[in-house]
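No value in this document is a laboratory result; all are computed from the given coordinates. All values reported here derive from a predicted model rather than from experimental measurement. Backbone-built Cβ (ideal geometry, glycine too); neighbour counts: all protein chains shown.
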Amino acid sequence: TGLTTLDQGFVNTASTKSEITYIDGDEGILRYRGYSIEDVAANATYLEVAWLLIYGELPTPDQLGEFDDKVRHHTLLHEDLKRFFSALPHTAHPMSVLSAAVSALSTYYEDSLDPHDPEKVELSTIRLLAKLPVIAAYAHKKALGQAFLYPDNSLSFVDNFLKLNFGNLAEPYEVNPVLSKALDRLLILHEDHEQNASTSTVRLVGSTEANLFASISAGIQALSGPLHGGANEAVLTMLGKIRDSGESVEKFVERVKAKEDGVRLMGFGHRVYKNFDPRARLVKESADAVLADLGVNDPLLDIAKQLEEVALGDDYFVERKLYPNVDFYTGVIYKAMGFPTRMFTVLFAIGRLPGWIAQWRESNVDPKTKIGRPQQLYVGPDARSWPVDR
Ligand code: CMC
């Protein structure tokens, strides 16, 4: 038509209006519904922030109590769905398990799929918030070859999640409050980040009027890539390789700068933040405190700090405005908590779930929403005649 502009990777194109999250990438500002990420992380809990993102305001104590209660009472998975885990190899990546199981949820809850019925959307919302952590913990247990535990409704959201991951049937599980607080804070830092790749995926799938479970399942797969949520796993793999190879941090950075085999400094750089990532600052603060509290001394944290120092003093990174992002230090903390590397991106997904839901719902009730359908610039051959000599 002559009207199409090419914007590869959507660097300059807004796909939607949104009232949920504000980012100023030059100033390193992130706000949820107007509240700074620093204030939210210091004062709220995961479910409180979920309410804020989804419904637009901070909940009253009564509203939060009711919400928390509902989430606690939807945590059970259907016994048949529990058997679903046995159909997958124990070596399955937990992100694939998570996405497949969320997709499977839609087959159990056909009564709540209608995107045009607000009560059903509400029910799907609660079901997802309640069941995703349970699915995640079962993916973890499956990989370990350990028995699944029933959710414990007497525990808070995060404590229940910790017990499902680290408890066993043989002995009682004591939640470590330091771990619980730290995990809650990390989840909050991940709850929303406006139109990143996974959230845009959730909105795009939702724009077809596909149900919430289908949209979230697609979002989980989009998050799994190493340039997005998968970066937290990739950072730990990178740090481990540096440690095991004995290569100096300086030498590794030289290889990154030379773009040797396309190697990147994982956990560095961001499409929007060009000064610093405010979440990374908060995570770094946590890293030292949490590791000290847990009595863990991890040489990988020292390698990460050295990498940061070398990179921040190097023209390659300065010129390209590459700084540590949220994924740079989270892995070291998750590892100290006892999570295997392959669970890191799953933790990101649990964190991001409220944001995905809030964004899907915002789009779903907006009468201006149209099916997402990008244009292309065709650069293939002109019309050719048939038959051809082959
Ligand atoms: N290490 C080395 N070089 C990099 C890196 C990096 N981590 N990130 C960007 N660059 C270079 C890139 O090679 C390019 O250089 P040149 O101009 O010479 O070609 C320049 O910086 C611009 O990079 P880009 O790929 O055009 O930037 P982008 O905005 O498309 O990509 C990014 C953003 C986050 C995908 C990228 O910085 C990256 O791959 N980082 C590593 C993966 C990562 O940590 N991802 C997590 C992002 S934050 C949480 C999340 O969203 O899930």
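Think of it as helices only: each DSSP H run of n ≥ 4 in the chain is worth -39500 (n - 2.57), and spread over all residues that comes to -17500 deg cm²/dmol at 222 nm. Remark: the range 1-127 projects, on average over all directions, an area of 13.1 nm² (convex hull of Cα atoms).
Spacing of the modelled spin labels on residue 13 and residue 293, each 7 Å from Cα toward Cβ, amounts to 4.4 nm. Reported value for the range 246-333: 91 Å³ per residue, from the convex hull of its C-alpha atoms.
Only Cα sites of the range 44-195 enter the Debye sum here, all with the same form factor; the resulting log10 I(q)/I(0) across q = 0.20 1/Å is -1.46, listed in q order.
Amide hydrogen proximity for residue 35: with H placed 1.01 Å from N in the peptide plane, no residue at 5 or more positions away or on another chain lies under 5 Å.
Seen from all directions on average, the range 192-278 presents a Cα convex hull projection of 7.3 nm². Evaluating kT/(6 pi eta Rh) at 25 °C and 0.890 mPa s, with the Kirkwood radius of the chain over Cα pairs in the Stokes-Einstein relation, gives 111 µm² s⁻¹. Summing Lys and Arg as +1 and Asp and Glu as -1 over all other residues whose Cβ lies under 12 Å from the Cβ of residue 166 gives a net charge of -1.
Among the trypsin sites (Lys or Arg not before Pro) within the range 234-290, those in coil by DSSP and having at most 14 neighbouring Cβ atoms inside 10 Å are 259, 271.
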